[in-house]
Ligand code: ZN
């Protein structure tokens, strides 16, 4: 199976369609969504509709949870709150019910998918370091786990202890190790590289590729301004931090 694993779309339609086109070129047969379909950018309803047409395994993200109505946005900063309100106003009741139905994590073949971390997935912990990854590894029952949430593609490897490394464009996973793989963000990368990020995983050959793709970012920025969303959201797409 060739999986295309993508996360943190955040209502960026141009980045999402670019990633889906690349998946076809990469021979992806099974797309998988790690959540945060909505929030921040100007096309929450369109992105949600597109992800739903894929009929692919999808887990809940923290922005999805708020738009679904299951939780309030009280812990969000002003910029995120304003954008989440925009998503709430633009997603249909049917779309909200779909988001509310998503699980926190799911097992697929030899791997698990989760938005943030396997320890307390409902608390949306951020895994930025090998130490933080250690807590998630304790609850990881499969050799490989894919996550998102930080918007930074990174690979954590558990041999005797957990270590981290920046992803190579292509790497072969060892069957003797355990991996926690952050696939980065489709719609709002935060690692200094503005290009959309996602992973291609060949589960038989155990080959992982992190793909980075240019997309028509000026179109998304114009839509952000036209929608009256914060200028900082438009700038952030280019500064990628
Ligand atoms: Zn996110």
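Does residue 122 fit the bill of being within 25 Å of residue 238 (Cα to Cα) and surrounded by fewer than 16 Cβ atoms within 10 Å (Cβ to Cβ)?
So residue 122 does not fit the description; no.
Go through (1) under 24 Å from residue 180 (Cβ atoms); (2) surrounded by 19 or more Cβ atoms within 10 Å (Cβ to Cβ); (3) away from the ligand (no atom under 15 Å from the Cβ) one by one and return the number of the condition residue 95 breaks.
(1)
Can you name every residue in segment 37-60 that is under 29 Å from residue 222 (Cβ atoms), surrounded by 20 or more Cβ atoms within 10 Å (Cβ to Cβ) and touching a strand residue (DSSP E or B) at 6+ places or on another chain (Cβ under 7 Å)?
51, 58 - these are the residues of segment 37-60 that are under 29 Å from residue 222 (Cβ atoms), surrounded by 20 or more Cβ atoms within 10 Å (Cβ to Cβ) and touching a strand residue (DSSP E or B) at 6+ places or on another chain (Cβ under 7 Å).
What residue, among those in segment 19-29 that are in a helix (DSSP H, G or I) and either in contact with a helix residue (DSSP H, G or I) (Cβ under 7 Å, 6 or more places away or on another chain) or without any contact (Cβ under 8 Å) to a residue 40 or more places away in the chain (or both), is farthest from residue 84 (Cα to Cα)?
If we take residues in segment 19-29 being in a helix (DSSP H, G or I) and either in contact with a helix residue (DSSP H, G or I) (Cβ under 7 Å, 6 or more places away or on another chain) or without any contact (Cβ under 8 Å) to a residue 40 or more places away in the chain (or both), then 25 is farthest from residue 84 (Cα to Cα).
Give the residue that is nearest to the ligand (Cβ to nearest atom), with candidates limited to residues of segment 99-156 that are without any contact (Cβ under 8 Å) to a residue 12 or more places away in the chain and within 22 Å of residue 188 (Cβ to Cβ).
The residue in question is 125.
Filter segment 1-18 down to the residues that are surrounded by fewer than 24 Cβ atoms within 10 Å (Cβ to Cβ) and either within 16 Å of the ligand (Cβ to nearest atom) or in a helix (DSSP H, G or I) (or both) and list them by number.
Of everything in segment 1-18, those that are surrounded by fewer than 24 Cβ atoms within 10 Å (Cβ to Cβ) and either within 16 Å of the ligand (Cβ to nearest atom) or in a helix (DSSP H, G or I) (or both) turn out to be 13, 14, 17, 18.
Within segment 67-94, how many residues are more than 18 Å from the chain's Cα centre (by Cα) and closer than 18 Å to residue 48 by Cβ?
13
List the helices (runs of 4 or more DSSP H) that sit entirely inside segment 129-241 and contain at least 3 residues that are within 27 Å of residue 11 (Cα to Cα).
Hits in segment 129-241: 217-226, 231-239.
List the residue pairs whose Cβ atoms are under 9 Å apart, where the first residue sits in segment 64-85 and is on the phi > 0 side of the Ramachandran plot and without any contact (Cβ under 8 Å) to a residue 60 or more places away in the chain, the second is in a helix (DSSP H, G or I) and surrounded by 14 or more Cβ atoms within 10 Å (Cβ to Cβ), and the two are 6 or more positions apart or on different chains.
Listed by first residue and then by second, the contacts come to 69/88; 69/96; 69/99; 69/100.
Could you please let me know if residue 63 is within 16 Å of the ligand (Cβ to nearest atom), more than 24 Å from residue 213 (Cα to Cα) and either modelled with pLDDT under 95 or buried (at least 17 other Cβ atoms within 10 Å of the Cβ) (or both)? Steps first, answer last, please.
Working: within 16 Å of the ligand (Cβ to nearest atom): yes; more than 24 Å from residue 213 (Cα to Cα): no; either modelled with pLDDT under 95 or buried (at least 17 other Cβ atoms within 10 Å of the Cβ) (or both): yes.
Judged against the criteria, residue 63 is not a match.
The values are calculated or read from the model by the stated rules, or taken from the named source; none is laboratory data. Predicted model, so just to flag it, every value in this text is computed and none were measured. Backbone-built Cβ (ideal geometry, glycine too); neighbour counts: all protein chains shown.
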